[in-house]
Amino acid sequence: AAALLLSRCLLKMVKGNIVVPEEILSFCCNGLQGSTSPPRARDPGEREEAPGAMASPSPPCNPTEVQMSQLVLPCHTNHRGELSTGQLLKWIDTAACLSAERHAGCPCVTASMDDIYFEHTISVGQVVNIKAKVNRAFNSSMEVGIQVSYEDLCSGKHCSICKAYATFVAQGPSGSKVKLKPLTPQTEEEKIEHSIAAERRRMRLVHKDTLKDLLTRSPRETELETRDGSVAVPAEKTRVESVELVLPPHANHQGNTFGGQIMAWMENVATIAASRLCHAHPTLRAIEMFHFRGPSQVGDRLVLKAIVNNAFKNSMEVGVCAEAYGQEMSVSRRHINSAFMTFVVLDQEGRPRTLPMVAPEPGEGERRYREASARKKIRLDRKYVVSCKQTEVPLSVPWDQSNKVYLSYNNVSALKTLVAKANWALAREKEKVRMYTLEEDKFLSFRIEMSVHIAAGQAFSLLSDLRRRHEWDRHYASAELVQQVDDDDVIYHVVSQTLSHENKPQDFVILASRRKPCSKGDPYVVAFRSVTLPTHPASAGFTRGETLCSGFCIWPESEEMSKVAYYNQATPGYLNYVTTNVAGLSSDFCATFEACEKFLLKNKEDLIMRLQDL
């Protein structure tokens, strides 16, 4: 059995060790002499991984994983001898596509590429290592996670460049969509990515609505920033329009224009637009979501347009789009792709320079100017709310209507990450109730679970309403609905029966985020975390409590049975209570969960009657 297992792993390793020959991508260096590199030079004293800290890429065991290693040659670089972003985007798209097709077993096309933040530059002679694997398959689309690093062959140093998520769609004959087989994650990391992929997909789908909502609540007048000694540059002076003829070397193996090539062309014209504002060589720092709206083929003409939408103090946003048409000019152009790119200009010490102001054109120019400001806020929300580690943020985060999507995402993904952890240990078992603990460096987490004779959807409906929690949890005195954010997110003000060390009752302001299963096998999720609201500041009569990550996951076991599990990442004020129960000095947890079961069984019939009346 051991020999058979070893042979299977070796077979997967051989299949996964894909290196795309340089000749296949030789067209990448054509026409990109003016493109920029990923951003900044390393700051003095910045920590870097020591030689040998990260081994060379090893052959993968995940059947969808693809590894690509490319030596950076002079034809791949810009005027500074650094790898151009356009070339890097081609390699990223190629590796991601190969991974997607490995899972789908049929041709796949790029649907979108999420935000990319570039951390370092890559020089001639260094090696780019790209690892791509499918995180989750939905109906006909799948999310591919991509990690990019570079390797210095002389020193042996490795450094991370960027991390990205791409969405690919599987295509059958004549472009028809193909239903994908589900993906079963194996490792703890894969389980976490698989679980959170559903939340990232949800966030992509509401991105436009988030921008629209933010603009609706913002002042409609365009207020230009004033900078000492700076004269505003008309945005029209930065406009670029360029045409490319799609030739066979620009096509992928399906005959459509290679998505990575389109992204590289877009990056090229965006760089020119940015250069016209600053009269210097700009550095690309971030890309906001490439969204492919349709295909183009060999023989099409691609018109690439770019313009600086807004220039902030140290960065500028360039809007760029790609349109396609055939030989007949009379035929209307097809919108192929659009993206927004953020550039900076670095001085000799690698610090961002102050940029000239932009004067938008009346009408459409002012609209783009305002939208660029809104997108900057959204980018900051996504980067620092979504991407932050739990240990780097306060327990309670400020609630803002404009960042509700990302706080909700963070709330649910934190719980799903906790659920997917691998080292849960059974601590206590009393009749049907089981208690598990997870000991990590900075946190002690626990979960309590039991099987209940109730449909999962019914349990989800009853447990997601905190206003009824006092009926089964004696620690809850009351819960007031403060704000109905949307159908899935609610903010409550909760008053606890538990007294603090100050001998005062505790109160909480809690964001409750509900999620129904995205696909078969997913649980119903109710996630809780503390937020701060100006309308509900801490008061003298209470001790303000906080919860970092807690909530319910409910798995259907049959039509009439469910596994109900409660998770909590214990905060310092709650730790003594948790350890007392874990050590067996108290049975309060078990008693509370048994009361929860009675509450569910008692109310499920009433819930059925109410649903029938509706």
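The values are calculated or read from the model by the stated rules, or taken from the named source; none is laboratory data. The structure displayed is predicted, hence computed values, not measured ones. For neighbour counting, all protein chains shown are included, and Cβ atoms are generated from backbone atoms with ideal geometry for every residue, glycine included. Ligands, DNA and RNA are stripped out before the accessible areas are found, and what is left, the full protein with its side chains, is counted by its heavy atoms. Shrake-Rupley method; radii C 1.70, N 1.55, O 1.52, S 1.80 Å.
Which residues, counting only those in the stretch 488-514, are part of a loop (DSSP other than H, G, I, E, B) and open to solvent by 30 Å² or more (accessible area, probe 1.4 Å)?
If we filter the stretch 488-514 for residues that are part of a loop (DSSP other than H, G, I, E, B), which is where we start, we get 488, 500-504.
D488, H501, E502, N503, K504 - these are the residues of the stretch 488-514 that are part of a loop (DSSP other than H, G, I, E, B) and open to solvent by 30 Å² or more (accessible area, probe 1.4 Å).
Q186 meets the conditions (1) modelled with pLDDT of 90 or more; (2) open to solvent by 20 Å² or more (accessible area, probe 1.4 Å); (3) not in a helix (DSSP H, G or I) in every case but one. The failed one is (1).
Return the total of residues in the stretch 448-475 being of a type outside the set (D, E) and within 26 Å of K404 (Cα to Cα). If you could, list the steps in order and put the result at the bottom.
Kept after step one, since they are of a type outside the set (D, E), are these residues of the stretch 448-475: 448, 450-464, 466-470, 472, 474-475.
The next check asks that each one be within 26 Å of K404 (Cα to Cα); those that pass are 457, 459-464, 466-469.
Going through the stretch 448-475 one residue at a time, the tally reaches 11.
Out of the stretch 71-125, which residues are assigned to a helix (DSSP H, G or I), open to solvent by 10 Å² or more (accessible area, probe 1.4 Å) and either hydroxyl-bearing (S, T, Y) or modelled with pLDDT under 90 (or both)? Answer for the stretch 71-125, where residues must be assigned to a helix (DSSP H, G or I), open to solvent by 10 Å² or more (accessible area, probe 1.4 Å) and either hydroxyl-bearing (S, T, Y) or modelled with pLDDT under 90 (or both): just T94. Among the numbered conditions (1) buried (at least 16 other Cβ atoms within 10 Å of the Cβ); (2) touching a Lys or Arg at 6+ places or on another chain (Cβ under 9 Å), the only one that P517 does not meet is (2). So, of the residues in the stretch 409-430 that are modelled with pLDDT of 90 or more and of a type in the set (S, T, N, Q), which turns out to be most open to solvent (accessible area, probe 1.4 Å)? That would be T417. Being hydroxyl-bearing (S, T, Y) and surrounded by fewer than 16 Cβ atoms within 10 Å (Cβ to Cβ) is a condition met by at least one residue of the stretch 474-487. Taking the stretch 274-317 as the range and being surrounded by 23 or more Cβ atoms within 10 Å (Cβ to Cβ), without any contact (Cβ under 8 Å) to a residue 60 or more places away in the chain and under 18 Å from S112 (Cα atoms) as the test, only S296 passes. Does G156 meet the test of being touching a Gly at 6+ places or on another chain (Cβ under 7 Å), open to solvent by less than 30 Å² (accessible area, probe 1.4 Å) and over 24 Å from R514 (Cα atoms)? Considered against the rule, which asks whether it is touching a Gly at 6+ places or on another chain (Cβ under 7 Å), open to solvent by less than 30 Å² (accessible area, probe 1.4 Å) and over 24 Å from R514 (Cα atoms), G156 comes out as yes.
So, W424, is that one free of Cβ contacts under 8 Å to residues at least 40 places away in the same chain and of a type outside the set (S, T, Y) or not? It is true that W424 is free of Cβ contacts under 8 Å to residues at least 40 places away in the same chain and of a type outside the set (S, T, Y). Which condition breaks for S461 when tested against (1) more than 30 Å from K432 (Cα to Cα); (2) of a type in the set (S, T, Y); (3) not in a strand (DSSP E or B)? The single condition S461 does not satisfy is (1).
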